[in-house]
């Protein structure tokens, strides 16, 4: 971590990301509370997150946008646009204009569908490849740490000053994020260009090989890498062609297809299983958040000792045990379960993100990330809706066992793919994938 934070770009980037994420978390909760107060309906409050998630379904198109432009200027423009967008909330003073809040959240999600892939694709230009896992882990640690405090901050700020002030504060955080990105010293290649083939160093071996394009994890030059920078479908084709990324995506999508059941089953775990009030869900969520902070800290050191695929396997096995523990009518068992569930969440995210960044050519990274996000987002949304319907007719323990069974199936599938059982082989990414910033590979000069 010390080496990571010694890089000026990383410190600036993480600070801007931290402040922007804090503003996001505060806004979402405040808007949901506002809609609940304005309409008296929990359904209208829940639609805040639904409209945001609906906008995120544009991630394949957003990934194509992230590949068409330089990522840093794109993210600066995106943050400036979002800063102006959230200020539209100041126009809402009653139920007659509350549709504007939902429109803001939808557009928020649409813009985020490009910002997310752009962020994933920009990171390899900021840090050297051997620090990508640490950078992803640091982001997860900060993000999960914020989840412990920003909901309270957002709710408190809303109660004290109102929705308008929350919107203004969020706009300011976007301006800070834009300023942080502008301060980065990063040289990105012109989109659509490739450097000439030639000798390339193989990471971690000290060897130099002659390669015309990409030497993926198998050590072989692939027959073809999707070309045509403006082809949105290139992300689908590349993800389907890489056995490791394909298997990771399918395994995580399978788990999320059932994991959303916990959104509804969680209240039954507390009220029926533990005989506590529904507010005890907040205690379990806090324990989960604490576990996620620890998991984010441990993710990078663990990933150095194994491959991304095997780390995901370890996470899925731990998640299976945690879900089964939730079926035990014991406060202690449930607290341990939530701690473990929080712990492994960052493992899955850091391993999957690092696999995307290290196995995908940079000129395709936005589109591949966009497809990956859609592949996980659709099952999660469907699972939440299905869980809400099933909880009325099915015992919550059956839903928990179903989640565990699906997680076991996903784990078995991931281990059935030969490439995922191997230690990472040396590979050379596309020529445009090397970090362009000189400081990312050399000591910082004060």
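The values are calculated or read from the model by the stated rules, or taken from the named source; none is laboratory data. From a predicted model like this one, the values you see are computed outputs, not experimental measurements. With ideal geometry, Cβ positions are generated from the backbone for all residues, glycine too; neighbour counts draw on all protein chains shown.
Computed quantities for the displayed model
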quantity: Subset tally (residues that are in a helix (DSSP H, G or I) and modelled with pLDDT under 80) for the stretch 391-425; calculated: 2
quantity: Residues (surrounded by fewer than 22 Cβ atoms within 10 Å (Cβ to Cβ) and under 18 Å from residue 129 (Cβ atoms)) located in the stretch 360-382; calculated: 361
quantity: All positions within the stretch 320-342 that are closer than 22 Å to residue 412 by Cβ and under 18 Å from the mean Cα position of the chain (by Cα); calculated: 341
quantity: Flag if residue 387 is crowded, with 24+ Cβ neighbours inside 10 Å, outside the structural domain of residue 130 (by TED's automatic domain parsing) and either at pLDDT 85 or above or over 17 Å from the mean Cα position of the chain (by Cα) (or both); calculated: no
quantity: Helices (runs of 4 or more DSSP H) contained entirely in the stretch 42-138, each with at least 1 residues that are outside the structural domain of residue 369 (by TED's automatic domain parsing) and over 25 Å from residue 235 (Cα atoms); calculated: 42-56, 71-86, 99-126
quantity: Yes/no for residue 23 being part of a helix (DSSP H, G or I) and either touching a strand residue (DSSP E or B) at 6+ places or on another chain (Cβ under 8 Å) or under 19 Å from residue 150 (Cβ atoms) (or both); calculated: yes
quantity: Residue in the stretch 66-78 that is in contact with a helix residue (DSSP H, G or I) (Cβ under 9 Å, 6 or more places away or on another chain), touching a residue at least 40 places away in the same chain (Cβ under 8 Å) and over 29 Å from residue 364 (Cβ atoms) present; calculated: no
quantity: Selected residue [at pLDDT 50 or above and not assigned by TED's automatic domain parsing to the domain that holds residue 139] from 219, 273, 198; calculated: 273
quantity: Residue check for residue 394: over 21 Å from residue 140 (Cα atoms) and without any contact (Cβ under 8 Å) to a residue 24 or more places away in the chain; calculated: yes
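Condition check ((1) farther than 27 Å from residue 130 by Cα; (2) surrounded by fewer than 18 Cβ atoms within 10 Å (Cβ to Cβ)) across all residues:
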residue	(1), (2)
11	no, yes
20	no, no
37	yes, yes
50	yes, yes
54	yes, yes
58	yes, no
63	no, no
